[in-house]
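The values are calculated or read from the model by the stated rules, or taken from the named source; none is laboratory data. Since we're looking at a predicted model, the values are computed, not measured. Note that we place each Cβ from the backbone using ideal geometry, even for glycine, and neighbour counts take in every protein chain shown.
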Amino acid sequence: MLVANLLPLAWLSLATALPALHDVENLPSTSQTHTLERRQRGTADVEAIVGPIGAFMGLMMPFADKLGIDAKGDMTTTLCKTFANNDLTSKAVEAFAGSPNGKGPDEKCMKDLSGGSGPYKSKVFEDPTLANHTIYTPELPVPAGTKLPVVAWANGFCLPAGTMFENFLRELASHGYIVIANGKINHEGKLGATTRAPELLKSITWIGKNPKVQGGYEADLDKIVIAGQSCGGVNVYAAVNKDPRIKMALMFNSGDFGGMSSALIKSIKVPVAYFEGGSKDFAGPAGLKDYKMLTTPALYADAEIGHIGTYYQKYGGKLGKIGIRFLEWKLKGDEKAKAEFCSPANGFHSSLPSENAVQIVLT
């Protein structure tokens, strides 16, 4: 079968299209008016790429059955099967965006049912008072009186798919975090739909009104982080300045793909950490450009894991390890996590450790 999955095909399309979109900001202007328009672009344009992505996925949906795609199935399982086939599509995607499979024996794409490597394991559920979102929390009891930091998550492709990054998000929750992802469990086949900043902000508003979630876990409302992968990072950019409860932003395989003015990047008020995927991550150059423009403390970390990353490996792979160590250091003051995060053995390079990263403090 030439095409086994929509997501690999979409990744291939994005890998070739996004660099051109990102260069829009650098195109020569034919008039001073055009230059002024670019400078005045606000958050309404930040998510300009979201519409085309949704339209592309929507156009592909009628062909799902013919392509052998279970549009309502589990994304992790479907993706792993696609790359296991090692067909022309998966090979082409791997050349541009990497593979969900690593080289080590424990780095295979898989549906991780372990609940994460953390001491509390994790569970996944929906709450009827928070429509179109999926919640991840610890499954086992945490120490009495412990409040849990909150991560509001936006998915790649800006898809409303709450379990699209289940392995990775379960890993975070298992260490004592409340994670709220855009979209319902298994997304109900709505691959033509997309999310925007309001979905992230809705998560924050909801947890602010409902700090105690299922199981009695209590949110630490002073430690709210927003995060996203690829197009989800665009959602993060559009939301980051819109709620003062947001203390930090995490960008995974993401950056500005051409919709933001440099002034808007510089206006971000909270620390930002970028985790990019090396030579096969077409978002990396965008993230690096943004990192250099920020006026707040920031981190740029890079590893040869591609744009697809390690999210679909056990415990979320390298990204699960580096992500949780960063959060444990910055949100919980864990010195052991800091040492492990800053160690060259973590597989990431660039600004790790960096003076700027050390300066990241939540206020």
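Numerical summary
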read-out	value
Residue count for the stretch 79-123, restricted to those that are over 13 Å from Gly306 (Cβ atoms), at pLDDT 85 or above and touching a Pro at 6+ places or on another chain (Cβ under 8 Å)	6
Output for the stretch 238-254, where each listed residue is under 17 Å from the mean Cα position of the chain (by Cα) and either modelled with pLDDT of 95 or more or surrounded by fewer than 24 Cβ atoms within 10 Å (Cβ to Cβ) (or both)	Ala239, Val240, Ile246, Lys247, Met248, Ala249, Leu250, Met251, Phe252, Asn253, Ser254
Residue list for the stretch 123-166, filter: acidic (Asp, Glu) and either assigned to a helix (DSSP H, G or I) or under 20 Å from the mean Cα position of the chain (by Cα) (or both)	Glu126, Glu166
Residue match in the stretch 299-306 (condition: surrounded by 21 or more Cβ atoms within 10 Å (Cβ to Cβ), among the aromatic types (Phe, Trp, Tyr), in contact with a strand residue (DSSP E or B) (Cβ under 8 Å, 6 or more places away or on another chain) and assigned to a loop (DSSP other than H, G, I, E, B))	no
